[in-house]
1. If we scan segment 318-330, do we find a residue that is closer than 22 Å to Ala34 by Cβ, of a type in the set (A, V, I, L, M, F, W, C) and modelled with pLDDT under 95?
2. If I filter segment 110-117 for residues that are in contact with a helix residue (DSSP H, G or I) (Cβ under 7 Å, 6 or more places away or on another chain), free of Cβ contacts under 8 Å to residues at least 12 places away in the same chain, under 26 Å from Gly189 (Cβ atoms) and part of a loop (DSSP other than H, G, I, E, B), do I get at least one hit?
3. For segment 292-309, indicate whether the set of residues that are in a loop (DSSP other than H, G, I, E, B), touching a Ser or Thr at 6+ places or on another chain (Cβ under 7 Å) and over 25 Å from Pro228 (Cα atoms) is non-empty.
4. For the list (1) at pLDDT below 95; (2) touching a helix residue (DSSP H, G or I) at 6+ places or on another chain (Cβ under 9 Å); (3) outside any loop (DSSP other than H, G, I, E, B); (4) not acidic (Asp, Glu), I need the number of the one condition that Ala53 fails.
5. Would segment 193-205 turn up any residue that is over 24 Å from Arg127 (Cβ atoms), basic (Lys, Arg) and free of Cβ contacts under 8 Å to residues at least 24 places away in the same chain?
6. Can you tell which of Ala262, Ala315 is at pLDDT 95 or above and in a helix (DSSP H, G or I)?
7. On the given criteria, is Pro307 surrounded by fewer than 21 Cβ atoms within 10 Å (Cβ to Cβ), farther than 25 Å from Thr93 by Cα and free of Cβ contacts under 8 Å to residues at least 12 places away in the same chain?
Amino acid sequence: MEDAAMARPGLAIQAGTVPLAVQVAQEAERRGLASFWSSEFYDRSAVVTLAAAAAATSRIRLGSAIAWGLGRTPVTLATEFRSLAELAPGRITLGLGTGNQQVIADWHGADERRPAARLAELVPLIRRIWELDTTAVEHDGEFYRCRLAADPLLPAWPLADADASGQRGHSRPAILVAGGRRPMISAAGAVADGLIGLPLCSRAFVEEKVRPALDAAAARAGRAGPIPITGVIICAVGEHSAQARVFAAQQVAVFAARPSAAPLMAFHGFGAEAADIRDALARRDVPAAVAAVSDRMLDVLAAYGTPKEALERYAAMFDGLYDEPLLFCAGKGMPQGGFRDSLMAVCEAFAS
């Protein structure tokens, strides 16, 4: 980056194949980005992607942004991410989310009621399952029942390097909860190691809405703050500004149409644009949805343009806002070759 004081971002991707994701993780590591994060959909597993990326890299931190929290049992989640942490010690972060009610009920066949409360019970339970080498789990909660005997023959996790005080501790993944509405933000503040903010969070929205809600939830739970925020920033880099604008607008349109974005759309007065985007997507008219994304929306919600322009927009709108900033690139609707080129351009533009 041109500004040495600028926070070193990570890279989060959605869509694309597992081999492409591995190639991008290697490029992000080579370029000195802080981390690589994979989401999951019904076409690709975050866990399998991260396992492949862990085997192909050696330094870069890896995380799920996000993995389905309610489509797996607590034991399955604990087992999968314990395995990832053994594959890449000290490099794994577990980011959990639920998706909307349709995803929970129709994709996973799970109970869609009170998803935030379910995650608030799930996160501490995963941590307890990770302690099975010393402590049994006897849990009869509102949403989960889990009984596991302690197993002293279970290998303890590799010890982390000694900290400044000389103490050594088990190296286990941090658990983050993703959300953009108050119930999920409150769950993160109450039990998680951090919040993953949804795409489309502007600086003003984070400072005036997200951070106060997160801090209030932590205070109610008796936790010392502040709780870290991992921020997801829509990013598109191209040789020409117009090319990058189309890709950024396509990503903004996808998320602006979702119910979870409604508070932010209202906060910034983007309601008319969001309505036009929803109408266009309902007609499956993607070009019209992209055209409905105004310059005003992009200037607030995305870092895009030529490499120089994208860096300038990032510095002006997002630098210093998040504890960990993630440049987000979603490839839905893009040819694999074009998506790959876009991801490589982001890595090059934001290289340390």
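1. Applying the first criterion (closer than 22 Å to Ala34 by Cβ) to segment 318-330 yields 318-330.
Now restrict to residues that are of a type in the set (A, V, I, L, M, F, W, C): 318, 321, 326-330.
With the extra rule that they be modelled with pLDDT under 95, the set shrinks to 329-330.
Within segment 318-330, one or more residues are closer than 22 Å to Ala34 by Cβ, of a type in the set (A, V, I, L, M, F, W, C) and modelled with pLDDT under 95.
2. Narrowing segment 110-117 to residues in contact with a helix residue (DSSP H, G or I) (Cβ under 7 Å, 6 or more places away or on another chain): 110, 112, 115-116.
Subset that is free of Cβ contacts under 8 Å to residues at least 12 places away in the same chain: 112.
Okay, now just the ones that are also under 26 Å from Gly189 (Cβ atoms), so 112.
Remaining after also requiring part of a loop (DSSP other than H, G, I, E, B): 112.
Yes, the conditions are met somewhere in segment 110-117.
3. Just the residues of segment 292-309 that are in a loop (DSSP other than H, G, I, E, B), to begin with: 292-294, 306.
Applying the additional criterion that residues be touching a Ser or Thr at 6+ places or on another chain (Cβ under 7 Å) yields 306.
With over 25 Å from Pro228 (Cα atoms) added as a condition, the list becomes 306.
Yes, segment 292-309 contains at least one residue that is in a loop (DSSP other than H, G, I, E, B), touching a Ser or Thr at 6+ places or on another chain (Cβ under 7 Å) and over 25 Å from Pro228 (Cα atoms).
4. (1)
5. No; the residues of segment 193-205 include none that is over 24 Å from Arg127 (Cβ atoms), basic (Lys, Arg) and free of Cβ contacts under 8 Å to residues at least 24 places away in the same chain.
6. Numbers: Ala262 fails: at pLDDT 95 or above.
Every option except Ala315 fails the conditions.
7. On the way: surrounded by fewer than 21 Cβ atoms within 10 Å (Cβ to Cβ): yes; farther than 25 Å from Thr93 by Cα: yes; free of Cβ contacts under 8 Å to residues at least 12 places away in the same chain: no.
When the stated conditions are applied, Pro307 does not pass them.
Yes or no, residue by residue, for (1) in a helix (DSSP H, G or I); (2) charged (D, E, K, R); (3) at negative phi; (4) crowded, with 20+ Cβ neighbours inside 10 Å:
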| position | (1), (2), (3), (4) |
| --- | --- |
| Glu208 | yes, yes, yes, no |
| Arg223 | no, yes, yes, no |
| Val232 | no, no, yes, yes |
| Glu239 | no, yes, yes, no |
| Ala244 | yes, no, yes, yes |
| Val252 | yes, no, yes, yes |
| Ile277 | yes, no, yes, yes |
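The values are calculated or read from the model by the stated rules, or taken from the named source; none is laboratory data. Note that the structure is a prediction, hence the values are computed from the model and not measured. Because the Cβ atoms are built from the backbone with ideal geometry, glycine has one as well, and the counts that use them run over all protein chains shown.
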